[in-house]
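Undergrad: Structure in structure tokens, see below.
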Amino acid sequence: MENERNQRRFESVYSKKVRAGKRRTYFFDVRKTKGEDYYLTLTESTKKFNGDGYERHKIFLYKEDFNRFLESLQEAINHVKDHLMPEYDYDEFARRHQEYEDSREDYDDDAFEDNEEDTPTPKAVETRKFEAESDDDMSW
């Protein structure tokens with residue numbers, strides 16, 4: 001009952017999920033308060049090394065801070081890109097992510113072909129493995 005009341009009070013109206021490697025995912029959620037106001041939650045979810053659940057870190061960003069937050073975030077990112085690591089290929093991760101997503105689609109297509117009912121079985125989903133090039137969190 002308490003949980004239902006909290007869900008109604010802080011209704012999610014938009015959500016965007018960003019996968020960032022094998023162990024980390026970011027969530028951008030717009031939520032609506034009971035008073036018809038909106039705010040953003042930024043959540044980092046990291047799979048624990050021992051495989052026992054996830055660690056989550058959350059930031060609440062309110063509308064009055066949107067512009068300053070965005071401006072400061074862009075300044076910090078530009079400082080790293082322009083001054084600290086200008087030679088780094090920042091598009092590498094977008095390419096690797098696309099390759100990863102493409103390999104997942106290929107696997108999903110294979111799972112459907114192997115199953116007469118055209119739905120992947122839990123066993124097929126559980127045994128899905130993608131080989132990483134390194135132990136780096138950003139390797140797919």
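Undergrad: Which shape class, rounded, prolate or oblate, goes with the range 1-80 when its Cα gyration tensor gives a ≥ b ≥ c as root eigenvalues, a/c under 1.5 marks rounded, and past that a/b bigger than b/c marks prolate?
TA: On the way: a/c = 2.77, a/b = 1.09, b/c = 2.55.
Verdict is oblate for the range 1-80.
Undergrad: So if I place +1 on the C-beta of Lys and Arg and -1 on the C-beta of Asp and Glu, and nothing else carries charge, what would the dipole magnitude of the range 1-80 be about its Cα centre? I want it in debye, nearest 20. Please list the in-between numbers first.
TA: Numbers: 18 positive and 13 negative charges, 92 e Å.
In total the dipole reaches around 440 debye.
Undergrad: Go through the range 23-32 residue by residue and turn each phi into a ³J(HN,Hα) via Karplus (6.51, -1.76, 1.60, θ = phi - 60°); whole Hz please, and just put x for glycine and proline.
TA: Residue by residue, the range 23-32 yields 10, 10, 9, 10, 10, 10, 10, 8, 10, 10 Hz.
Undergrad: His83 versus Leu42, label points 7 Å from Cα toward the beta carbon: distance in nm?
TA: For His83 paired with Leu42, the spin-label model returns 1.9 nm.
Undergrad: Amide H neighbours of Arg23 under 5 Å, counting only residues 5+ apart in sequence or on other chains, H built in-plane at 1.01 Å?
TA: none
Undergrad: Label-point separation (nm) for Val13 and Phe28, each offset 7 Å from Cα along Cα-to-Cβ?
TA: Between Val13 and Phe28, the label points sit 1.7 nm apart.
Undergrad: Which peptide among 11-17, 37-43 comes first, and what is the full order, when sorted by highest mean count of other Cβ atoms within 10 Å? All intermediate terms of the calculation are to be shown ahead of the outcome.
TA: Values: 11-17: 10.9, 37-43: 14.7.
Descending mean neighbour count gives 37-43, 11-17.
Every number in this text was worked out from the coordinates using simple rules, so none of it is lab data. The structure displayed is predicted, hence computed values, not measured ones. When we count neighbours, we look across all protein chains shown, and the Cβ atoms used for this are built from the backbone with ideal geometry, even at glycine.
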